[in-house]
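In what follows, a single structure is set out as structure tokens and then discussed.
The values are calculated or read from the model by the stated rules, or taken from the named source; none is laboratory data. Everything quoted here is computed from the prediction, not taken from an experiment. Methodologically, a virtual Cβ is constructed for each residue, glycine included, from the backbone with ideal geometry; neighbour enumeration extends over all protein chains shown.
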Amino acid sequence: MALLNSILSSTLSRGLVEKFNPAAGNASVAQNPCRHTFGVLEVQSRGRTLRRFQIQTKFGALELRNGKPLSSSLEKWRGKSMRSSSGSGPDGRVGQFAVRRKSLLISAAYISAPGAPADPQYYPLPETSDLNEFENNIPQRENLINGGLIARLVLEEKQSLAIALLSLIFGTTCTLSMPIFSGRFFETLIGVRKQPLYGLLLKLFTVYLMEPVFTVLFVTRMIRIWEKVMKELRFQVFQRILIQKVAFFDEHKVGELTSLLSTDLNSIKDIVNENVSRDRGFRSLSEVFGTVGILFVLSPELAPVMSFLMISIAGIVALYKRTTMPVFKAHGLSMARISDLAGETFAAIRTVRSFGGERRQISMFQKQVLAYQESGNKLGLLKAANESWTRVVVYVALMALYILGGTKVKSGQLAVGRLVSFIGYTFTLTFAMQGLVNTLADLRGALAAVDRINTLVGTGKVDESLARGLELENSEDHAKFIRENSNESLSDGAGTASGQCSTVCELAWTGNVALEDVHFAYPSRPDAMVLRGISIVLKAGTVTALVGSSGSGKSTIVQLLSRFYEPTKGRITLAGEDVRKFDKSDWARAVSIVNQEPVLFAMSIGENIAYGAPFRKVSEEEIIKAAKAANAHDFIESLPEGYDTMVGERGSLLSGGQRQRVAIARALLKNAPILILDEATSSLDSVSERLVQDALDILMKGRTTLVIAHRLSTVQAAHQIVVCGHGGVLEKGTHLELLAKEGTYANLVRTQTMTFE
Ligand SMILES: Nc1ncnc2c1ncn2[C@@H]1O[C@H](COP(=O)(O)OP(=O)(O)OP(=O)(O)O)[C@@H](O)[C@H]1O
């Protein structure tokens, strides 16, 4: 779906689209001069139209005309295994559409716009009519949470599992023996059975005493096992999200990802935690089987009545299962949207307030809450229907039992105590079946949550290099290496690598960093080339400044040097070695970035500075030394709680200049040989700028530095100035050389001087 959305939204939102025609799903989209684009999406199979969707784009995203997300509506086509041959539209372009068994994806869409430029690069569509080729390129889903993993984790707790199973068996035996004793008790009272009453009461007492004991044992053991499983699943999901490529985070909202860890994992947790009580989960399952067995022993004639009860309830459950799955999914998705919107609103509260956007946010929130309410109501209706039908079946079965059983007792074919026991078991069975139904409903929710998690993180692209680096760090050898090489003192600059750094760092202190014929387009906009063959050498220990107009790709170069993305073509090298050879976590230690809006974590100033070396213990002296070098010590000391002062979310309790200096202290502590300053002083007033600039001068000493600054006066002293434009390098040289050239740089300097004057 992500691919579908990215193809459609990127193209539709650009306003180029008049028609879009996935050969099997044929859509014509009429351009609306307002912000919406409307159209029809037809899902076809073997030339037959299965479904037509009225669709629209809104703020660049694709949804149904009634405002519902397209993804959940298309969901039901999953598993139909439809595919189509290719087709061509009015301008001869080819489009294809594939619905796979596991993942529903539109691999390509035919898009044609009368009057739109016939430039292939505007269309993110491969020019091929071979559907197999598409199918091969469709990302395969790898289920992160699967039966194998859960079974392995559960089996790790063998002892607890054995105790839980034994408690389950004994507890169920106690429960199931109760109606037998009730029957005998009744027979003793009316004198049919000759047995001392106290003996029977003692047995009943023992059963009533032991059942809670076994229940406690079962519940505590099961919860213990499941908490351990959940701990591991939470860890795995968090880790898997964390190691996705940066493009994944461009695609998914923060709320969507955090709700995987909260709402969805909690649904999985509930499947055990909410189902260990009596008449739920395993208890109900064992009671159902036990009761049916006993019923057949008690009365083979009456037991088929109960079988009817069982089959009917199972049928209702199956129906419930089928109908609730998509509703459960939609409900979970609505919740994710709510938390997403709330998170975004609160994070941007100042912007909302300054634009008076409260009303808009409230109305958007209302819309989301309404959608949640609607899906909740739908779930409620389904639940009610399920409950009432189950009851009708039970009452019908009871009536049949009274009529048939009563007749048999009257004719002397059945002992009255047996009928009493039978009726008792009927109630046990009813409660157990009801419990099973509820458990299955929870299971539906949990499976939907598992599916959401697997769909989101299973089809994402893991950053292999980062994953490899993290794996290595977890290894004992690496931990030993870090312990042996950790240096407690803060290095002052070049050539004094702290030892925390791997060979990449050692290489980076002396080797040049080079961009060689680098081409790049962001994965979310693969059709828009940002860099078209850029080559720059950052000489070791020198300062290179990047200048150029807004949107010329300067920050993109920073992103590539940070290895948040990989070049589409060309390469980045360190001392002649392709950087892709190095693990990303090693590379991250070799590069420090200080940008315009440094993000601090919601912890103390001291902890934020220590984050510069997250892989080792940092001493207080080191933190103070770094803060002093970053001109931050005095302001920190003036705060009532000094280095223990909490900085608030994203550092919001500090001023811009203070935040910047804490970030510089953090970078100083990191002591990385490659330094990137992306507009590090541009948002500061002149006093703060001076303080920060002094700190930066210390930080830059001896490091290979890349500076991006709009204010050209701040980059005049750079060893090399590179002027970017049109996806490439326009000019290169020192300040004086470029001025003498009388080219773009000289013009930029002139314009800025005039503006200043
Ligand atoms: N995450 C992203 N996904 C898609 N496109 C992006 C992304 N980030 C930037 N772009 C696009 O890449 C192009 C270059 O942006 P970039 O931020 O590198 O320019 P810049 O030279 O740093 O601009 P400025 O000086 O204004 O910061 C722009 O057209 C921008 O819209």
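Odds and ends about this structure:
- All positions within the stretch 142-179 that are of a type in the set (Ser, Thr, Tyr) and under 24 Å from Asn266 (Cα atoms): Ser160
- Residue among Ile636, Ile674 that is out of contact with any Gly (no Cβ under 9 Å at 6 or more places or on another chain), modelled with pLDDT of 85 or more and surrounded by 19 or more Cβ atoms within 10 Å (Cβ to Cβ): Ile674
- Residues within the stretch 533-542 that are more than 13 Å from the ligand (Cβ to nearest atom), assigned to a strand (DSSP E or B) and on the phi < 0 side of the Ramachandran plot, tallied: 4
- Annotation: of all residues in the stretch 695-718 being part of a strand (DSSP E or B) and in contact with an Asp or Glu (Cβ under 9 Å, 6 or more places away or on another chain), the one that is surrounded by the most Cβ atoms within 10 Å (Cβ to Cβ) is Leu706.
- Of the helices (runs of 4 or more DSSP H) lying entirely inside the stretch 229-274, those containing at least 1 residues that are more than 16 Å from the ligand (Cβ to nearest atom) and crowded, with 16+ Cβ neighbours inside 10 Å span 254-259, 265-273.
- In this structure, Ala397 does not satisfy being under 24 Å from Lys329 (Cβ atoms), part of a helix (DSSP H, G or I) and of a type in the set (A, V, I, L, M, F, W, C).
- Total residues in the stretch 551-579, condition touching a strand residue (DSSP E or B) at 6+ places or on another chain (Cβ under 7 Å) and more than 9 Å from the ligand (Cβ to nearest atom): 13
- The residues listed here are Arg234, Arg221; of these, the one that is touching a residue at least 40 places away in the same chain (Cβ under 8 Å), touching a helix residue (DSSP H, G or I) at 6+ places or on another chain (Cβ under 7 Å) and not β-branched (Val, Ile, Thr) is Arg221.
- Residue match in the stretch 348-362 (condition: modelled with pLDDT of 90 or more and farther than 30 Å from Leu319 by Cβ): yes
- Residue in the stretch 439-459 that is in contact with an Asp or Glu (Cβ under 9 Å, 6 or more places away or on another chain), of a type in the set (A, V, I, L, M, F, W, C) and at pLDDT below 80 present: no
- Set Ala545, Ala514: member being assigned to a strand (DSSP E or B), away from the ligand (no atom under 16 Å from the Cβ) and either within 16 Å of Leu706 (Cβ to Cβ) or not polar (S, T, N, Q) (or both): Ala514
- Among all positions in the stretch 399-419, there is no residue which is surrounded by 12 or more Cβ atoms within 10 Å (Cβ to Cβ) and closer than 30 Å to Ala446 by Cβ.
- Meets criteria (crowded, with 16+ Cβ neighbours inside 10 Å, within 11 Å of the ligand (Cβ to nearest atom) and in a strand (DSSP E or B)) for Val530: yes
- Neighbours by Cβ (under 7 Å, 6+ apart or cross-chain): first from the stretch 539-560, more than 15 Å from Lys732 (Cα to Cα); second more than 7 Å from the ligand (Cβ to nearest atom) and among the acidic types (Asp, Glu): Ser555/Asp678; Val558/Asp678
- The one condition from (1) of a type outside the set (D, E, K, R); (2) near the ligand (Cβ under 9 Å from one of its atoms); (3) modelled with pLDDT of 85 or more; (4) in contact with a Ser or Thr (Cβ under 9 Å, 6 or more places away or on another chain) that Ser524 does not meet is (3).
- Looking across the stretch 719-738, the residues that are away from the ligand (no atom under 16 Å from the Cβ) and either surrounded by 16 or more Cβ atoms within 10 Å (Cβ to Cβ) or basic (Lys, Arg) (or both) come down to Gln720, Lys732, Gly733, His735, Leu738.
- Among residues of the stretch 451-460, those that are part of a helix (DSSP H, G or I) and crowded, with 22+ Cβ neighbours inside 10 Å, counted: 3
- Within the set Ser592, Ser562, Ser555, Ser604, the sole residue that is crowded, with 20+ Cβ neighbours inside 10 Å and of a type in the set (Ser, Thr, Tyr) turns out to be Ser592.
- Condition met for Arg711 (among the basic types (Lys, Arg) and either more than 16 Å from the ligand (Cβ to nearest atom) or within 36 Å of the chain's Cα centre (by Cα) (or both)): no
- Hey, Glu649 charged (D, E, K, R) and within 15 Å of the ligand (Cβ to nearest atom) or not: no
- Residues that are out of contact with any Asp or Glu (no Cβ under 9 Å at 6 or more places or on another chain) and surrounded by fewer than 17 Cβ atoms within 10 Å (Cβ to Cβ), drawn from the stretch 647-657: Gly648, Glu649, Ser652, Leu653, Ser655
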